[in-house]
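So the structure is just underneath, and the comments pick up after that.
Computed from the coordinates by the stated procedures, all read-outs in this text should not be read as laboratory data. Model, not experiment: these values are computed from the prediction. Positions of Cβ are generated from backbone atoms using ideal geometry, with glycine treated the same way; all protein chains shown enter the neighbour counts.
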Amino acid sequence: MKIDNLTTNVLENLRCPVSLDKLQILDDDLYSATGYKYPEGDFRVISSLTQSLEWSKGQFHYEKYHSKTIAQSDRYYTDVDAETKEIYEDIKLSGMVLDVGGGFGSVAKQARLDPEQIICVDPMICRWQDLPDSPYKRHYEHLSKIVRIPGFAEDLPFSNTSVDTVHMRSCLDHFANPHRALLEARRVLNADGTLVIGLALEGAFKLKQTGGIRDKAKKIVKHSFVGDIYEHFFDQHIFHPTEDSLRTLIDSAGFKIHQWIMQPGYFNVVYVVARKYNPLIPA
């Protein structure tokens, strides 16, 4: 099974991302009433969006980068957790949390969530049993029981109004279609649901001296005559949002921003808390 830790409760809310029909398991495959089949629970629907050359290249480079991030020292993960401590003390993720693009779900430890209240959906297949013994696996042992589902943000395999919070960190700028992904987030959120986005805006870099120098140098390269070469071959991102474009994107998907929090230790990295609204009904 490609779904990690599938439970009965989660299965109850799983839906065919194409027809939104309920699903049944037969020999580890999931089927909808209209005949769609998801082998071993793989919900990565083939479409023109996620088969585009641009997205495929970005995902390839991201997965290569991700394999390096889970091969770091314990000190590295401790520092990463500390960087977001104030953020999640302020935001306080609650209820059933759908972590879109969350990989193995490290936010569960950083935000002090019970593993039973979080579900991760990611284009990578993330199974705890496939991880080698490592500082990452020991540091994030808390995550071992999280449900992890292979799928795309643009076609979420969940029923309408089935989650309380959708969390998207460091992934919106990787999506093949960010607007469609936010519309999907709106669909699966309940009436009082909360959207949380963590994102590096255009020109972001770490403020620490060593990281800052390295990242500033990268920025200079990206904006020089070789910038197009860098973007073409190595950049993992589909787009580079500004503050204005991110605000417009969130609003156009039917959300109103309630909090705009700049992350300490970084320049131009923001966490946004937004809630559903009906643009046809006056506030």
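Remarks
- Fewest-first sequence of 152, 104, 60 by Cβ atoms within 10 Å of each Cβ: 60, 104, 152
- Relative contact order %, the range 92-211, counting alpha carbon pairs below 8 Å whose residues are six or more apart: 27 percent
- Inter-label distance for residue 127 and residue 239, nm, one decimal - labels placed 7 Å from Cα along Cα-to-Cβ: 3.6 nm
- Separation of the residue 257 and residue 75 label points, Cα + 7 Å toward Cβ, nm: 3.7 nm
- Neighbour-count order for 167, 174, fewest beta carbons within 10 angstrom listed first: 174, 167
- Most fluctuating residue given options 151, 95, 198, as computed from a GNM of the chain linking Cα atoms under 10 Å: 95
- Looking at the range 43-276 alone, DSSP beta bridges between its own residues are antiparallel in about 50 percent of cases.
- Extension gain (nm, one decimal) between residue 192 and residue 134, 0.36 nm per residue minus Cα-Cα: 16.9 nm
- Under a Gaussian network description of the chain, with springs only between Cα atoms under 10 Å, the residue in 205, 255, 43 that fluctuates furthest is 205.
- Across the range 25-94, the convex hull enclosing all Cα atoms gives 199 Å³ per residue.
- Separation in nanometres of the label points that stand 7 Å from Cα toward Cβ, at residue 144 and residue 28: 2.2 nm
- Order of 244, 122, 155 under a 10 Å beta carbon neighbour criterion, fewest first: 244, 155, 122
- Relative contact order for the chain: 19 percent, from Cα pairs under 8 Å spaced at least 6 residues apart, divided by residue count.
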